[in-house]
Amino acid sequence: MKFIFPQNYKFKNKIFGTIDYSTLIINLLIYIFTYFIINLIFKKIQIKIFVFIIICFPIFLFSVVGFSHENIFLFFKYFFCYIKNKKIYLYM
């Protein structure tokens, strides 16, 4: 069986078909960082779990849904470039 892919088709490797690998690595780094900060600040396990979910769940949702399935790394790159120089118009 032979498949023909158009030239403008972008094939991206994704884990479980939803999240890019670079986005997954960035998410894991953020989750590990927040885990260590939360362990330093709070003592009770219930508070640790609650704060971790409150902080990390929106990041997870943003990385899964995103802005038209844009890579989260590229989104933050464009976002910080815009904040740095607001005279540049950003077209997405």
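The values are calculated or read from the model by the stated rules, or taken from the named source; none is laboratory data. Since we're looking at a predicted model, the values are computed, not measured. Here Cβ is always computed from backbone atoms with ideal geometry, including for glycine, and neighbour counts include all displayed protein chains.
For Gly17, the conditions (1) at negative phi; (2) modelled with pLDDT of 70 or more all hold with the exception of (1). Candidates are the residues of the range 20-79 that are of a type in the set (D, E, K, R) and part of a helix (DSSP H, G or I); the one that is surrounded by the most Cβ atoms within 10 Å (Cβ to Cβ) is Lys48.
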